[in-house]
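For reference, the structure is listed below as structure tokens.
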Amino acid sequence: MEFDISYTFDAIPRLLDGAFITLQVAILGFTLSVLLAAVITVARTSLNSKIFNSVLAFYISFIRGTPILVQIFLVYYVLPVFGINLGPFTAGIVAITLNSAAFVVEILRGGLASVPKGQFEAAKSLGLKRGARWSKVILPQTFIASVPPLVNEFTQVLKATALLSTITIVELMRTAQQIYTRNYHPVEVLLGTFIIYFIMCFIVSLSLIHI
């Protein structure tokens, strides 16, 4: 079968629709992972509990030690066994969130370590309550210091969304599969898919240069 670039151009409109879903999942999953990681960071620092730290260490080790595809299957196929039924879109976001949060926690730990201890003491001396100290003084500085690795983590999340095609989320990769199973031109369709993924990741990476 000869290569025909016209199939690439014909597929682009539908691929862009899939890319929109990809961006939705990536942005929602990453945003929730950052929020979850921020809560964990505050709790770990404030509680200083051995039990909490042990559970957290196990969670991070599990996420880092298993493929994200396995984690997606666990959320989508195993949770219903325990009565927790999630649709594909929700399950995908949950899986992405839990996976990314484990990495964001470590990123924020590094950012927190760069905040001078004097900032904690100054906030406390001003009479700010614990919640206000974290939300107005500590966390903003932590996030500023963590921006570069957070941007890199978002690109990883963006690329990981391709695996959600395995649980029938019609994102970019699933859309590409649907197209080339009908026109029998996978090379041309996947070329368009590659270009769109590259452009999205390049734009995200480019934003890091201007921060």
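The values are calculated or read from the model by the stated rules, or taken from the named source; none is laboratory data. These numbers come from a predicted model, not from an experiment. Cβ coordinates were reconstructed from backbone atoms using ideal geometry, including for glycine residues, and neighbour counts include every protein chain displayed. These area figures cover heavy atoms from the full protein model, side chains too; ligands, DNA and RNA do not enter into them. Shrake-Rupley method; radii C 1.70, N 1.55, O 1.52, S 1.80 Å.
The table that follows gives values for the structure above.
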read-out	value
Residues of the range 55-89 satisfying the condition of being at pLDDT 95 or above, among the polar types (S, T, N, Q) and exposed (fewer than 14 other Cβ atoms within 10 Å of the Cβ)	S61, T66
Any hit, the range 90-112, residues being more than 18 Å from L32 (Cβ to Cβ) and without any contact (Cβ under 8 Å) to a residue 40 or more places away in the chain	yes
Filter result for the condition that a residue is open to solvent by 30 Å² or more (accessible area, probe 1.4 Å), touching a residue at least 60 places away in the same chain (Cβ under 8 Å) and hydrophobic (A, V, I, L, M, F, W, C), over M200, M173	M173
Tally of residues being closer than 15 Å to D10 by Cα, in a helix (DSSP H, G or I) and open to solvent by less than 70 Å² (accessible area, probe 1.4 Å) across the range 182-197	9
Selection count where residues are in a helix (DSSP H, G or I), over 21 Å from L23 (Cβ atoms) and among the small types (G, A, S), scope the range 83-111	3
Residue within the range 147-157 that is in contact (Cβ under 8 Å) with a residue 60 or more places away in the chain, crowded, with 16+ Cβ neighbours inside 10 Å, in a helix (DSSP H, G or I) and among the acidic types (D, E) present	yes
Odd one out for A132 among (1) free of Cβ contacts under 8 Å to residues at least 24 places away in the same chain; (2) open to solvent by less than 30 Å² (accessible area, probe 1.4 Å); (3) closer than 30 Å to F3 by Cα	(3)
